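Since the structure comes first, as structure tokens, the remarks are kept for the end.
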Amino acid sequence: MSRGPRSEAANRDWGADDSGTPILHVDMDAFFAAVELIDRPELRGRPVIVGGQHRGVVLSATYEARAAGVHSAMPMSRARALCPQAIVISPDHRRYRDVSREVMRILGEVTPVIEPLSIDEAFLDVSGARRRVGPPTVIAERIRERIARELHVIASVGIASTKFVAKLASSHAKPDGMLLIPHEATIPFLHALPVGALWGVGERTQETLARLAIHTVADLAHTPPPALYRLVGAASGQRLLDLAWGRDPRAVEPVRQEKSIGHEQTFFTDLTDLADLSAVLLDQSHRCAARLRAAELVTSGVSIKVRLADFTTLTRSHPLDAATDVAHDIYMAARSLLAGMTLPPGGVRLLGVRCDALSDSATTAVQATLDDPGTERRDAERTMDVVRARYGASALTAGSLIGTPATAKGKSDIS
Amino acid sequence: MKFRVERDVLADAVTWTARTLPTRPPVPVLAGVRLEADAEGTLTLSTFDYEVSARSQVAAEVDEPGRVLVSGRLLAEISRSLPAKPVDVSLEGTKVIITCGASRFTLLTMPVDDYPSLPDMPERSGSIDGDAFAQAISQVTIAAGRDETLPLLTGVRVEIEGEKLTLLATDRYRLAMREVSWNPSSPSVSQVALVRARTLSDVARSLSSTGSVEIALGDGADIIGFEAGGRRTTSLLVDGEYPPVRRLFPEQTTTHTVTSTAQLIEAAKRVALVAERNTPIRLSFTDGQVVLEAGQGDDAQASEALESTLVGEPITTAFNPQYLLDGLAALNTEFCRLSFTHASKPAVMTGQDSIDGADHAEEFRYLLMPIRFAS
């Protein structure tokens, strides 16, 4: 569910020229809650919250509940306090995945150039569908109509010339709407938005920017670059300026079925301490696990890659007893692989974790052990996913990773 | 050395004694079986590979006492294929001559003085009925681990407490526990040992048919010994601290079900045909029946309903079909009782011979962890 700052003023008719806007962002409205309402139509029009019954967080809420101030990632206790009359439903992830698959199937019939971002949103590039189906606005209306008619859930669609603007447009189109930002209107639209609408501008950055009296995207766009760079750093400053001027060259990239998921890191100075290396593995395990969960995959095999100071590269792999998407399990396997290697005193130049033997988490059976701790760790990590999705990747991390080289001493690559 | 022995007696003794000989011994003499004939008319056959020792004694007509070391494997094959007539064995120079009827074999000997001495039998701890012991062993060894990288779990924990002998084994996914009464040498005996599951299975197979089995554990010994009917075997114990697995059994359960063991086995075998590797068989217990199902999505699917008694709330769970069948086959009772606390927590399998459970027996308990889906 989209929580980005919105501007009422931006949700208006920006024109009807869709000739330069092949990018569609399709985003389901209150998806989990909407799926629940399919089977329980008597709840329509009432505040409904999907989330853990007791200690969990809000995963999704109908617009009636949002009106009371409920939003996703909010602790359930707070949501109940804000909206005591809300009906709380435990999540049924399998059902959401089934409906999501149907949504993606409908999108896939429009164009193969589809990039699912998560269970309930996707980018489409409909350049190739124009002659067959029609212009982007027609395609968007058809998609919305088909999803509503066949699946009984609601999709909002943003149409624009770039992915970033399309995503902003869909968030302004909600609920149950469609918003076209013609190519020519891109900059006026962006500049009408509060600066928090830009990717990567959270509360902290907003406070920082406020010191230069930057409150809107327009303010930021007209800030002299050197002043901005001094405030937020050159790399972020450049990126923010690009976004503020609608420069987003990223293409819609259809995802292929991943065969493995891995993270590796080259260190500025070679690491020799096993504790430092273990911390890196823990960080990488968390990154891999988060990506597995996002892709709804589980891994049955973990390998590590170690490059020594003399560029000798060693890999070790180990099958897991039970398929997992939990960082703890990946880390335990990775650490025991590392512990089983004799490392020369010269140190380690690069270290990486890779998860392979991937399978669909919905259909992979796991024979748990008798002393299985249950799903506590997984639930905790899922909650971390939700928090990170809202507050950024650095908002929450494993306690043992605070101030370690995992995040400070090298550059990371994912693959 | 010279003796005569009945062909069947020799074949049985050699086959049993040589059964654990390694195919590729680290030292050649370890592939041998030592024959020792004494003036009292006893032929002793021994093998030892530093882990397992075996010794059997049979009666023979001894003309000249003596001892030799010959290839165990070859002697076993020869003795099994000889005609049913008395067998004469004699040492001539460095060769052993075996004659039986019109057959004659000449075997090379190995230096008998290089052969290691067999470990002494530890102090006798007590004895147990062979059939009862064999049944108990077969009930727990199903749950022992087969992964040699976790040697601890390839063992069966043997606990002796007065007149009660308890066997426990687990591979982390299921746990089998059997209590059986026995005759201790002293009523206050209290001993524990971790014995390789295959050693126990071997004992069950080869020693249990002869009435009573002696168990020798000693205090602080690193081997365990078994003796029955003139055969004696010792084995090194598995090293290490066995995890405290008894506490995995739930203290109390909230739901239990009673189903015909034979019917459940038959149905589970049928339904499991469509369960692909690593996929479960699902069991849904409701009032009066259990539905077994396997397969999902686009794969082949199967289901079957059976009569079953439910006490408590309906419950649905899923098991590895083989683990379920292993436990059912070990029950040896008319009815199977499955007790639950929660669908995602281990279930306890016990047996009873009447449907009302008046004779519900807990001497054998099998704890089984359900299969869950990754998400």
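For the stretch B:192-297, applying the loop criterion from DSSP together with a ceiling of 12 other beta carbons within 10 Å to the trypsin sites (Lys or Arg not before Pro) yields B:Arg277. Extension gain, A:Arg204 to A:Arg390, is 65.6 nm, computed as 0.36 nm per intervening residue step minus the present C-alpha separation.
Pairs of Cα atoms nearer than 8 Å and 6+ residues apart set the relative contact order; for chain A it is 16 percent. With contacts taken as Cα pairs under 8 Å and at least 6 residues apart, the stretch B:2-114 reaches a relative contact order of 30 percent. If r is the Cβ-Cβ distance from B:Asp88 to B:Glu161 and R0 is 35 Å, what FRET efficiency results, to the nearest 0.05? About 0.10, to the nearest 0.05. Between B:Val311 and A:Ala67, the C-beta separation translates, for a Förster distance of 60 Å, into a calculated FRET efficiency of about 0.80. Which value in deg cm²/dmol, rounded to the nearest 500, describes the helix-derived mean residue ellipticity at 222 nm for chain B, given -39,500 (n - 2.57) per DSSP H run of n ≥ 4 and division by the residue count? Rounded to the nearest 500, it is -5500 deg cm²/dmol.
The simple spin-label model puts a point 7 Å past each Cα toward its Cβ; for A:Leu212 and A:Arg142 those points are separated by 4.5 nm. Dipole size of the stretch B:124-246 about its Cα centre, with +1 on Lys/Arg Cβ and -1 on Asp/Glu Cβ: approximately 300 debye, rounded to the nearest 20. Other protein chain C-beta atoms within 10 Å of residue C-beta, averaged over B:165-173: 2. Annotation for the stretch A:190-230: trypsin sites (Lys or Arg not before Pro) lying in DSSP loop with at most 12 further Cβ atoms inside 10 Å of their Cβ are A:Arg211. Work out the FRET efficiency for B:Lys2 and B:Ser344 from their Cβ-Cβ distance, taking R0 = 60 Å, and round it to the nearest 0.05. The calculated FRET efficiency here is 0.30.
Rounded to the nearest Hz, the phi-derived 3J(HN,Hα) couplings of the stretch A:377-385 under the Karplus curve 6.51 cos²θ - 1.76 cosθ + 1.60 (θ = phi - 60°) are 4, 5, 4, 4, 5, 5, 5, 4, 4, where x marks glycine and proline. Summing charges over neighbours of A:Ile139, with a neighbour being any other residue whose Cβ is under 12 Å away from its Cβ, gives +1 when K and R count +1 and D and E count -1. Helices in chain A, meaning DSSP H runs of at least 4 residues, each add -39500 (n - 2.57). Divided by all residues, the mean residue ellipticity at 222 nm is -11000 deg cm²/dmol. Annotation: B:Leu153 carries an accessible surface of approximately 20 Å², with a 1.4 Å probe and no ligand, DNA or RNA atoms counted. Take the Cα of B:Leu152, go 7 Å toward its beta carbon, and the backbone nitrogen atoms of the stretch B:222-244 under 19 Å from that spot belong to B:237-244.
Site pair A:Ser260 and A:Thr313 shows an inter-label distance of 1.0 nm when each label is modelled 7 Å from Cα along Cα→Cβ.
In chain A, a dipole from Cβ-located charges (positive for Lys and Arg, negative for Asp and Glu) runs towards its positive end, and of A:Gly200, A:Leu59, A:Ser156 it is A:Gly200 whose Cα lies farthest in that direction.
For the stretch A:192-244, the square roots of the Cα gyration tensor eigenvalues, ordered a ≥ b ≥ c, give a/c below 1.5, which places it in the rounded category. Take the Cα of A:Glu253, step 7 Å toward its Cβ, do the same at A:Leu117, and the gap between the two points is 1.6 nm. In this structure A:Thr313 has an accessible area near 60 Å², from a 1.4 Å probe over the protein heavy atoms. Counting only residues at least eight positions apart within a chain, or on another chain, the lysines with an alpha carbon under 26 Å from that of A:Lys305 are A:Lys259, A:Lys409, A:Lys411.
Net charge in the neighbourhood of B:Ile315 (other residues with Cβ under 15 Å of its Cβ; Lys, Arg +1, Asp, Glu -1) is +1.
Among the chymotrypsin sites (Phe, Trp or Tyr not before Pro) found in the stretch A:212-294, those both in a DSSP coil and sparsely packed, with 15 or fewer other Cβ atoms within 10 Å of their Cβ, are A:Trp245.
Based on Cα contacts under 8 Å between residues 6+ apart, the stretch B:269-375 shows a relative contact order of 21 percent. How far is helix B:72-81 tilted off the main Cα axis of chain B, in degrees rounded to 10, range 0 to 90? Between the helix axis and the principal axis of chain B, the angle is about 90 degrees. Charging the Cβ of each Asp and Glu at -1 and of each Lys and Arg at +1, and nothing else, the dipole of the protein assembly as shown about its Cα centre rounds to 2900 debye.
Once the chain from A:Gln238 to A:Leu43 is taken as fully extended at 0.36 nm per residue, the excess over their C-alpha distance is 65.5 nm. Once all protein chains are placed together, A:Asp176 keeps about 90 Å² accessible to a 1.4 angstrom probe. Only residues of the stretch B:240-272 count here: report those whose backbone N is under 15 Å from the spot 7 Å along Cα→Cβ of B:Ala302, or say none. Under cut-off, by backbone N: B:263-272. Charged neighbours of A:Ala227, selected by a Cβ distance under 15 Å, balance to +1 (K, R count +1; D, E count -1).
The values are calculated or read from the model by the stated rules, or taken from the named source; none is laboratory data. Not measured: the values here are computed from a predicted model. Heads up, the Cβs are rebuilt from the backbone with ideal geometry, glycines too, and the neighbour counts pull from every protein chain shown. Note: accessible area is taken over every heavy atom of the protein model, side chains too, but ligands, DNA and RNA are not part of it. Shrake-Rupley method; radii C 1.70, N 1.55, O 1.52, S 1.80 Å.
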